[in-house]
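Novice: Structure provided below as structure tokens; questions to follow.
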Amino acid sequence: ILPITLVTTLEAAEREIDQLRARCDALLITNLNALLDRGGKPIPETAVIGPLAKRYGKVTMGTSPFHVKSGALLTVANSGVEQGTLAAGMLLDCLRGTPIKDLPITRNRRGQCIINLKAMRALGIQPVPATLVGVTFYEDE
């Protein structure tokens with residue numbers, strides 16, 4: 001695991017990706033909002049992810065479904081339903097008299113795996129079919 005790198009320009013992101021390609025097998029993309037082009041103008045995040053993933057040439061993971069739609073290979077997306085269910089359960093506990101300080105700290109346990117088929121094919125990945133049970137596939141135009 002390498003440290004998180006903050007980049008502010010497309011050029012810096014490209015340099016960082018060129019260096020990371022030799023140092024790691026997978027890249028996690030979290031937020032590329034407000035990345036600036038060579039002229040100093042902001043580039044939409046959706047326009048940056050695909051080209052950077054292609055430049056990296058290995059597994060790219062995002063933190064949201066739109067990362068996959070923009071060119072990342074995969075994400076595990078949190079479910080709003082799960083978050084709502086957890087919150088509702090905590091609220092019911094409070095209404096039944098449990099003090100807030102006694103509520104457990106919790107997090108989502110399940111997520112929806114989403115895979116970009118075009119990115120998977122481009123990387124030559126041929127997964128065993130049994131590993132794809134429950135996966136949502138995205139195939140862009």
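The values are calculated or read from the model by the stated rules, or taken from the named source; none is laboratory data. In this text the structure is predicted, and so the values were computed from the model without any measurement. Please note: Cβ atoms are built from the backbone with ideal geometry, for glycine as well, and neighbour counts cover all protein chains shown. Note: areas computed on protein heavy atoms with side chains; ligands, DNA, RNA excluded. Shrake-Rupley method; radii C 1.70, N 1.55, O 1.52, S 1.80 Å.
Novice: Return yes or no: is Leu2 in contact with a Cys (Cβ under 8 Å, 6 or more places away or on another chain) and assigned to a loop (DSSP other than H, G, I, E, B)? Give the derivation first.
Specialist: Numbers: in contact with a Cys (Cβ under 8 Å, 6 or more places away or on another chain): yes; assigned to a loop (DSSP other than H, G, I, E, B): yes.
Yes, satisfied.
Novice: I'd like to check something: does segment 14-27 contain any residue that is within 24 Å of Glu139 (Cα to Cα) and surrounded by 13 or more Cβ atoms within 10 Å (Cβ to Cβ)? If you could, list the steps in order and put the result at the bottom.
Specialist: Restricting attention to segment 14-27, the residues satisfying the condition of being within 24 Å of Glu139 (Cα to Cα) are 25-27.
Narrowing the set further to residues that are surrounded by 13 or more Cβ atoms within 10 Å (Cβ to Cβ) leaves 27.
Yes, segment 14-27 has at least one match.
Novice: Kindly provide the set of residues from segment 114-124 that are in contact (Cβ under 8 Å) with a residue 12 or more places away in the chain and over 16 Å from the mean Cα position of the chain (by Cα), ordered by number. Don't jump to the end; show me each part of the working.
Specialist: Here is the first cut: in segment 114-124, the residues in contact (Cβ under 8 Å) with a residue 12 or more places away in the chain are 114-120, 122-123.
Correct list: Lys118, Ala122, Leu123.
Novice: Step by step: first the residues of segment 85-114, then only those that are open to solvent by less than 80 Å² (accessible area, probe 1.4 Å), within 20 Å of Gly134 (Cβ to Cβ) and not hydrophobic (A, V, I, L, M, F, W, C), then the one that is modelled with the lowest pLDDT. Which residue is that?
Specialist: If we take residues in segment 85-114 being open to solvent by less than 80 Å² (accessible area, probe 1.4 Å), within 20 Å of Gly134 (Cβ to Cβ) and not hydrophobic (A, V, I, L, M, F, W, C), then Asn108 is modelled with the lowest pLDDT.
Novice: Confirm whether Ile43 is closer than 22 Å to Leu123 by Cβ and over 16 Å from the mean Cα position of the chain (by Cα).
Specialist: Values: closer than 22 Å to Leu123 by Cβ: no; over 16 Å from the mean Cα position of the chain (by Cα): yes.
Here the answer is no, as Ile43 does not meet what is asked.
Novice: Separate question: It is to be established whether one or more residues within segment 30-39 are outside any loop (DSSP other than H, G, I, E, B), among the acidic types (Asp, Glu) and surrounded by 13 or more Cβ atoms within 10 Å (Cβ to Cβ).
Specialist: Quick first cut of segment 30-39, residues outside any loop (DSSP other than H, G, I, E, B) only: 35-36.
Among the residues that remain, those that are also among the acidic types (Asp, Glu) are: none.
No, there is no match, as no residue in segment 30-39 is outside any loop (DSSP other than H, G, I, E, B), among the acidic types (Asp, Glu) and surrounded by 13 or more Cβ atoms within 10 Å (Cβ to Cβ).
Novice: How many residues does segment 67-92 contain that are among the polar types (S, T, N, Q) and under 17 Å from Arg121 (Cα atoms)? Walk me through it before giving the result.
Specialist: Quick first cut of segment 67-92, residues among the polar types (S, T, N, Q) only: 70, 75, 78-79, 83, 85.
Filter once more, so that each one left must be under 17 Å from Arg121 (Cα atoms): 70, 75.
So the count comes out to 2.
Novice: Name every residue in segment 46-69 that is open to solvent by 20 Å² or more (accessible area, probe 1.4 Å), of a type in the set (Ser, Thr, Tyr) and either on the phi > 0 side of the Ramachandran plot or assigned to a helix (DSSP H, G or I) (or both), in order of residue number.
Specialist: Thr46
Novice: All but one of (1) over 15 Å from the mean Cα position of the chain (by Cα); (2) part of a loop (DSSP other than H, G, I, E, B); (3) of a type outside the set (Lys, Arg); (4) at negative phi hold for Val81; which doesn't?
Specialist: Going through (1) over 15 Å from the mean Cα position of the chain (by Cα); (2) part of a loop (DSSP other than H, G, I, E, B); (3) of a type outside the set (Lys, Arg); (4) at negative phi one by one, Val81 breaks only (2).
Novice: Now, a different point. Quick check on my filter: what residues within segment 70-84 are open to solvent by 50 Å² or more (accessible area, probe 1.4 Å) and aliphatic (A, V, I, L, M)?
Specialist: To start, the set of residues in segment 70-84 that are open to solvent by 50 Å² or more (accessible area, probe 1.4 Å) comprises 76, 78, 80-81, 83.
Within segment 70-84, Val76, Val81 qualify.
Novice: Between residues in segment 89-113 that are closer than 30 Å to Met61 by Cα and residues that are part of a loop (DSSP other than H, G, I, E, B), which pairs lie under 6 Å by C-beta distance while being six or more apart or on different chains?
Specialist: Cys113/Val135
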